[in-house]
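The values are calculated or read from the model by the stated rules, or taken from the named source; none is laboratory data. Note that the coordinates shown come from a computational prediction; the quantities given were computed from them, not determined experimentally. Note that we place each Cβ from the backbone using ideal geometry, even for glycine, and neighbour counts take in every protein chain shown. Ligands, DNA and RNA are excluded from the accessible area calculation, which covers all protein heavy atoms including side chains. Shrake-Rupley method; radii C 1.70, N 1.55, O 1.52, S 1.80 Å.
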Amino acid sequence: MSVATATPSRPRALLRRRGSFALQASVLIGLLAASSAPTPLYALYQAEWHFSALTVTVVFSAYALALLVALLAAGTLSDYLGRRPVLAGALLAEAASMAIFATAHGVADLIAARVVQGLATGAASGAAGAALLDFEHPDRPGRAALANSVTPVSGMAAGVLASTALVQFAPAPTRTVYLVLLVLFAAQASAVALTPETAHPHPGAWHSLRPSIAIAPSARRTMLLTAPGVIAAWALGGFYSSLGPSLARTIAPLAPRAVGGLVFFALSVAAALAVIAARSLPASTASIAGSALLVPGALLTLSSPYEHSLLALFAGTVLSGVGFGSVTQGALRRLLSRTEADESAGTLAAYYVLSYLAMSIPAILAGVLTNLYGLTTAVSLYGATVIILALAALAVPLLTRYHTAVR
């Protein structure tokens, strides 16, 4: 009798696990789609409200900095309260940010929407990433690390493509995309509430809100070794997301508006494909290969305004995207392979803190440089910095092996 009742429960449990895993992946895709959706719209906002490139980077970075605050304060909150309440609350907050975007009437509204969005995304990212690990099938290890790598770039690609299409074809592009995303997040919040709880809630939630970095001790050295490549990759991502459309318009002012959004779309798609392709490589090889590709990618990008070549810009963007995807996939695999289940949320949060710092601060500096010296000079300085960081990432494994051999 016990065997008869137990047999059908395993397929049901397996189906529920798979469905929950797919839902958590869709949450990350949706969050990152929303983060990139404003990129093709910045030109419309600039034309309507007459603000500078520096203001664009401030609006962009308001999201990243708010996300950092949430990661530092709430990165491990789901370990104490549970995955479901943290994710459901964050998704409802994300829906609220979409409502602010849809009704925005000026730069202050955009910044407010970006701040709420950043806080919600930061609270959700660590919890959703950890939930992917919780729901990973034990017979298929590595799927969670792959999903944590591919869903952000896939989401950014989907968000910027949808927004670009609306800019070109929709009658109200600055509202439609946000209303669609609002409905999506409300539906995801309802679905998350129905998933099994995988964490073990326990006291200490209030204390966990004190800003801190909770990297698993076993992953700290790996975080340090992968940092130069991660910083270089995400710094390039921040540039393409905030100033990529402006660079495309500078090179080809008569090109369709959609071209600006397609720059970041090219980066995101190339990164997503690289994440999938690099999964068969050793993690360290993927990181090194990705760092190497960032160099020619940055060189082509910084040469594009001098050559007035969209081809050089898109070629550099694609190479940078492949480098971005390979670096992030390799780094995450190396980190998560050294992390226990109860330390995963904090380690993922620490990784995203590093990533979004690298994405936001250089973007703001690029906006300042653009205001002071022009976009072409800013691109040159930005590209040179990324190249130096990528070369440092290539030097780290060589220096590590040399040090080990000497000892």
Problem - Accessible area, probe 1.4 Å, largest first, for residues 175, 334 - result: 175, 334
Exercise for the section: Subtracting the Cα-Cα distance from 0.36 nm times the residue separation, let me have the gained length for residue 372 to residue 285 in nm, one decimal. Expected result: 27.3 nm
Problem - For the stretch 385-393, Karplus couplings with θ = phi - 60° (6.51, -1.76, 1.60), whole Hz, Gly/Pro x - result: 5, 4, 4, 4, 5, 5, 5, 4, 5
Fill in the blank from the handout: On the formula 1/(1 + (r/R0)^6), with r taken between the Cβ atoms of residue 200 and residue 99 and R0 of 41 Å, the FRET efficiency rounded to 0.05 is 0.75
Problem - Hypothetical label at residue 108: residues of the stretch 17-54 whose amide nitrogen lies under 17 Å (7 Å Cα-Cβ projection) - result: 49-51
Completion exercise
In deg cm²/dmol, rounded to the nearest 500, the helical mean residue ellipticity at 222 nm of the chain, built from -39500 (n - 2.57) for every DSSP H run of length 4 or more, is -28000 deg cm²/dmol
Exercise for the section: Using a 1.4 angstrom probe on the protein heavy atoms only, line up 368, 153 by accessible area, largest first. Expected result: 368, 153
Practice task
Could you state how much accessible area residue 340 has, in square angstrom rounded to the nearest 10, with a 1.4 Å probe and all protein chains kept in place?
Solution key: 120 Å²
Problem - Karplus (6.51, -1.76, 1.60) ³J(HN,Hα), θ = phi - 60°, over the stretch 363-376, in Hz, Gly and Pro reported as x - result: 5, 5, 4, 5, x, 4, 4, 5, 5, 7, 10, x, 5, 4
Completion exercise
With label points set 7 Å from each Cα along the Cα-to-Cβ direction at residue 175 and residue 224, the distance between them in nm comes to 5.4 nm
Practice task
Give the calculated FRET efficiency between residue 388 and residue 190 to the nearest 0.05, with a Förster radius of 45 Å applied to their Cβ-Cβ distance.
Solution key: 0.45
Completion exercise
Note, the stretch 154-164: 3J(HN,Hα) by Karplus (6.51, -1.76, 1.60, θ = phi - 60°), whole Hz, Gly/Pro = x, goes 5, x, 4, 5, 5, x, 6, 5, 4, 5, 4
Exercise for the section: Any chance you could run the full-extension gain for residue 381 through residue 306? It's 0.36 nm times the residue separation minus the Cα-Cα distance, nm to one decimal. Expected result: 25.6 nm
Completion exercise
Across 347, 176, 164, the residue with the highest GNM fluctuation in the chain (Cα network, 10 Å cutoff) is 176
Practice task
Calculate the dipole size of the chain relative to its Cα centre from +1 charges on Lys and Arg beta carbons and -1 charges on Asp and Glu beta carbons; express the result in debye to the nearest 20.
Solution key: 760 debye
